[in-house]
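The values are calculated or read from the model by the stated rules, or taken from the named source; none is laboratory data. Keep in mind it's a predicted model, so treat the numbers as computed, not measured. Here Cβ is always computed from backbone atoms with ideal geometry, including for glycine, and neighbour counts include all displayed protein chains. Just so you know, the surface numbers come from the protein's heavy atoms only, side chains and all, with ligands and any DNA or RNA stripped out. Shrake-Rupley method; radii C 1.70, N 1.55, O 1.52, S 1.80 Å.
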Amino acid sequence: MKQLWCAVSLLAGSLFCSSIASAQTSASGALLEQMEQASQNLNYEFAYINVSRLGIESLRYRHAVIDNRIFAQLLQMDGPRREVIQRGNDISYFEPGLDPFSLPGNHIIDALPGLMFADFSRLGEAYDFIPVGRSRMADQMCEVVRIVSRDGTRYSYVVWLDVDTKLPLRIDLLDRDGETLEQFRVISFAVDEGVRNLMQGLEKANLPPSLSLPAGDKVELSWQPSWLPAGMKLISQSRRDIPSMNKTVESRLYSDGLFSFAINVTPADKSSSVQALRTGRRTVQTEVRNNNEITVVGELPPATAKRIADSIDSGSPK
């Protein structure tokens, strides 16, 4: 009887601990959803740095909502003036030596963590959101949350969220060994109507017209990966000729809403060889098989990129 009660107690304790862990993950997921809402709905300004193995860059980001339209400005603070402006669904680029141009988009992605605009209700299928505690950042108390893929095939994030506004004040991208690949770190920030007033001038600013992107032809490809990390979905696929190389390239683009990668298949030639390269978060993995060159390129650890490349039955590009 005593052994039975011990077993029951252990089972109950296990269920209780599991329930607590689930509740903590749910609460952390709710915090991250609040971050996404705050990033898109508040009027704020960030002065921040991006740190990577390529160096350090200093930037300023302003964001405001005026008459239900988003206005934003990203400015590189050092060196030649480089600026990106968002007005509604148009993103305009200004850079020395290039003619200004605009592209359609929902938010500025250059030099800002895509994590700020991710759909965390969808990410909960493939990621765990783990509370780490509280820590001070940019002279503010923050909730710290770690984002980890459940199957261990992707990088992870650690996010510091301002307790009051839920804006991200620091975001670290970690490899699978826990080493920091990239860091977004706010030095100072403001959340007030003053930012909105500064951005009102963009309503009448003379911005370059938006370029129309050509519609891609619908294609059917004879190959596909037999394995993908959990939560990865096909976003697009294409076939295009490269006259300079006298080759046809077939591509598939995948994303889980947080990380993305592409698979390219071309006919192999004498220069084709097995290669592996990683620069920061980006990996390029090339395999040669069945007279085809298969390249996986994107935001993946090298081991994951190789597993995807090895899983492809390439057939024959058309």
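Brief remarks on what is shown
- Here the Karplus curve 6.51 cos²θ - 1.76 cosθ + 1.60, taken at θ = phi - 60°, turns the phi angles of region 189-204 into couplings of 8, 9, 10, 6, 6, x, 5, 4, 5, 5, 7, 4, x, 6, 4, 10 Hz, with x standing for Gly and Pro.
- For the chain, the longest piece that avoids every one of the GluC sites (Glu not before Pro) found in DSSP loops with at most 16 other C-beta atoms within 10 Å covers 1-124.
- Separation in nanometres of the label points that stand 7 Å from Cα toward Cβ, at Asn206 and Arg69: 1.8
- Couplings 3J(HN,Hα) for region 108-121, derived from phi with the Karplus relation 6.51 cos²θ - 1.76 cosθ + 1.60 (θ = phi - 60°), are 6, 10, 5, 6, 10, x, x, 4, 4, 10, 6, 8, 6, 5 Hz, where x marks Gly and Pro.
- Volume of the convex hull of region 85-242 (Cα atoms only), normalised per residue: 202 Å³.
- Counting heavy atoms of the protein chains alone, Ile56 has an accessible area of about 130 Å² for a 1.4 Å probe.
- Considering only Pro267, Pro168, Pro80, the Gaussian network model of the chain with Cα springs below 10 Å gives its largest mean-square fluctuation to Pro80.
- Cut-off under 5 Å, modelled amide H: who pairs with Asn292 long-range: Ala268
- Here the convex hull built on the C-alpha positions of region 130-189 has a volume of 78 cubic angstrom per residue.
- Centroid-to-centroid separation of region 249-318 and region 157-199 [C-alpha atoms, Å]: 32
- For Gln224, nonlocal amide neighbours, meaning residues 5 or more places apart or on other chains whose placed amide H falls under 5 Å from its own, are Asp313.
- Alpha-carbon Debye profile of region 26-140, log10 I(q)/I(0) at 0.15, 0.16 Å⁻¹: -0.81, -0.91
- Applying the Karplus relation 6.51 cos²θ - 1.76 cosθ + 1.60 with θ = phi - 60° to region 271-283 yields 3J(HN,Hα) values of 8, 5, 7, 6, 9, 9, 9, 10, 10, x, 7, 9, 10 Hz, where x marks Gly and Pro.
- Restraint check, Lys270/Lys306; Lys233/Lys306; Lys204/Lys233, Cα-Cα greater than 28 Å: Lys204/Lys233
- For the chain, the 222 nm mean residue ellipticity estimated from helices alone, with every DSSP H stretch of n ≥ 4 adding -39500 (n - 2.57) and the total spread over all residues, rounds to -6000 deg cm²/dmol.
- Stokes-Einstein D for region 213-284, Kirkwood Rh over Cα pairs, 20 °C, 1.002 mPa s (µm²/s): 150
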